[in-house]
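The values are calculated or read from the model by the stated rules, or taken from the named source; none is laboratory data. The structure presented is a predicted model; accordingly, all values stated were derived computationally and were not measured. Cβ sites come from the backbone with ideal geometry, for glycine too, and all protein chains shown count toward neighbours.
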Amino acid sequence: MRAFDFKAPDSLDAVCALLAQYGSDAKLLAGGTGLLNLMKQELVQPAVLVSLQRVPGLDTLTVDGNGICAGAGVRHRRMETDTALQQAAPLLAAAYGHVATVRIRMSATVGGGLAHADPAMDAPAVWRVLGATMHLRSASGTRQVAADEFFEDFYTTSLAPEEVLTEVTAPALPAGAGWSYQKFLPRSADDYAAVSVSALLCLDGDGRVAQARVGIGSAAPIPVLAQAVGAALIGRQPTPQAIAAAAELARDAVDPLDDLRGSAAYKRDMAVVFTRRALTEAAARARRA
Amino acid sequence: MSDPTVTLSLRINGTPWQGEVLANRLLVDFLRYDVGLTGTKEGCGVGVCGACTVRLNDRLVSSCLTLAAMADGTELTTVEGLAGREELKPIQRAFIEHGGFQCGICTPGQLMAAQALLEHDANPSEDAIKAWMMSNLCRCTGYYGIVRSVKAAAGGAA
C-alpha cells in the first residue's frame with residue numbers, strides 16, 4: 001500500500017474542512033473493508049486518508065414514527081440485529097444480515113457501503129426500494145439526494161470529493177407490507193450474489209396489489225429499481241401467473257456482466273427466477289399480514 | 001522525505017502500548033513486526049479467510065483490512081490474550097481435545113471468532129455455530145472438529 005497522510009479529526013466540521021482543502025486527493029475512511037482492499041491493490045491511491053473514527057454522533061440509529069434514520073457510521077451488524085429496525089424494516093435488516101460474514105459486518109458501515117457503491121452489495125438496492133434519502137454535508141452546507149439519484153456507475157455516486165455522507169433516512173415499511181430478500185449464491189455463502197432481489201408488496205382490501213417495488217443487485221453498473229416489474233402488478237391479484245408475467249420484465253431491467261458467478265445471459269434468467277421467488281414470498285407475507 | 005507516521009495509544013492484551021507507527025501500516029503487520037505478537041496470521045489478505053481475526057473492543061476485525069491507526073484508543077485482543085498465564089480458555093482446551101485444528105494456521109482466528117460467539121450466545125445451536133464460524137476458513141477441512149470444539153466449549157464439556 002502506498003504511503004499517505006492519516007488524519008482523524010474529531011468533528012464533522014473538521015472533516016469537511018479537510019475535504020475542502022484536499023479535494024479528490026483525500027478519501028474518507030470508515031470501516032475500511034471496501035476502501036483498504038482497493039488501496040492494497042493500488043486501484044485507489046489517496047494522498048490523505050481522513051478517518052471518521054473520532055467523529056461523534058455518526059453511529060446513531062433511530063427508528064420511530066418518522067421512519068428510519070441510520071447514521072453513516074452505523075455498522076452492518078447493528079442494522080442486522082437491531083430489534084426496532086427488524087420490526088420497522090425487516091427487509092433492510094435481512095439484507096444487511098446477508099453481507100459477507102459476521103466479522104465483516106462488525107466493521108463495514110452504512111455510509112461506507114453506500115459511498116463505496118459496489119453494485120454487488122446487498123443493501124443499496126434495498127435503500128432504493130424503501131425510497132431512501134441520502135444526507136450529504138460539505139464545508140459549504142448540506143444537501144439531500146434521493147437514493148434513485150445517488151448511484152451513477154460502478155463505484156461512482158453523486159457525492160462530490162468535498163462531501164461526506166452523514167446519514168440515510170427512509171420511511172418504515174407500510175403497515176401490512178409483505179417483503180422478501182433473495183440472494184442467489186452459486187459459489188460460497190460469503191460471496192457476492194450472482195443476483196439478489198428485494199421485493200416489497202402491499203395489498204388493498206380486495207387483495208389486489210396496491211404497491212410493489214422490486215430492487216435487483218449484482219445485475220447492472222448500479223443497484224437497480226425494476227419499476228416495470230412493480231408497475232405490472234398494480235391493481236392485480238398477485239396470482240402465480242401475474243407474478244410470473246411481471247417477473248419476466250426483470251430480464252430487461254438488468255444489465256449484468258459475465259463473471260465467475262455466471263454469464264450475463266444466465267444472470268438475466270436468474271434475475272427473472274429470483275424476482276418471481278421474491279414476489280411470491282412477499283405476496284404470501286402480505287396476505288398473512 | 002520519510003513516510004508519514006501516526007502516534008498510537010492503545011491497550012494490547014491488557015498492556016498499554018504507545019508509539020509511532022507508519023500511517024499505512026496494516027494492523028496485522030503492526031502486531032507481528034512492531035509489537036512482536038506473531039500468533040495472528042495473515043491468510044488471504046482480503047478479509048475473507050479470517051486467519052488474521054483479532055478483537056478491537058467488542059468487535060471482531062480482519063487485521064489485514066484494518067490500519068494500525070484505526071486501533072488508536074482501543075482495547076485490542078489477540079490470540080495471545082485469550083489465555084491467562086497458566087490456564088487455557090475452555091475454547092482453547094476444546095480445540096485441543098476435539099480435533100479443532102490440524103496445521104494450525106487458521107486456529108488463532110478460529111479461536112478469536114469462537115470466543116466472541118460464546119460471549120454473544122453461551123449455548124449456540126449447530127446452525128448458529130456454522131453461520132458464525134463460516135467467517136473463518138480452514139484449508140485442512142477441519143470443520144467438523146471445529147464445530148465439535150465450539151459445542152464442547154459451550155456445553156462446558158471441555
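Computed quantities for the displayed model
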read-out	value
Which listed residue is touching an Asp or Glu at 6+ places or on another chain (Cβ under 9 Å) and under 22 Å from residue A:179 (Cβ atoms), from A:147, A:100, A:120	A:100
Where residue B:70 falls short, out of the listed (1) in contact (Cβ under 8 Å) with a residue 24 or more places away in the chain; (2) more than 11 Å from chain A (Cβ to nearest Cβ); (3) assigned to a helix (DSSP H, G or I)	(2)
Any hit, segment A:147-169, residues being free of Cβ contacts under 8 Å to residues at least 12 places away in the same chain and either surrounded by fewer than 24 Cβ atoms within 10 Å (Cβ to Cβ) or not aromatic (Phe, Trp, Tyr) (or both)	yes
Members of segment B:57-66 that are more than 10 Å from the chain's Cα centre (by Cα) and either facing chain A (nearest Cβ under 7 Å) or surrounded by fewer than 24 Cβ atoms within 10 Å (Cβ to Cβ) (or both)	B:57, B:58, B:59, B:65, B:66
Some residue of segment B:96-107 being among the charged types (D, E, K, R) and not assigned by TED's automatic domain parsing to the domain that holds residue B:10	yes
Segment B:8-50: number of residues that are within 14 Å of chain A (Cβ to nearest Cβ) and in contact with a helix residue (DSSP H, G or I) (Cβ under 9 Å, 6 or more places away or on another chain)	22
Residue in segment B:77-85 that is touching a residue at least 24 places away in the same chain (Cβ under 8 Å), surrounded by 18 or more Cβ atoms within 10 Å (Cβ to Cβ) and part of a strand (DSSP E or B) present	yes
Helices (runs of 4 or more DSSP H) (entirely within segment B:97-158) containing at least 3 residues that are surrounded by 22 or more Cβ atoms within 10 Å (Cβ to Cβ) and aliphatic (A, V, I, L, M)	B:107-120, B:143-155
Cross-chain or 6+ apart pairs with Cβ under 8 Å, segment A:87-109 first and within 28 Å of residue A:175 (Cβ to Cβ), then at pLDDT below 95	A:88/A:172; A:88/A:173; A:89/A:172; A:89/A:173; A:90/A:173; A:91/A:173
Yes/no for residue A:122 being farther than 16 Å from residue A:92 by Cα, at pLDDT 95 or above and charged (D, E, K, R)	no
Filter result (surrounded by fewer than 18 Cβ atoms within 10 Å (Cβ to Cβ) and not acidic (Asp, Glu)) within segment B:14-38	B:14, B:15, B:16, B:17, B:18, B:19, B:33, B:36, B:38
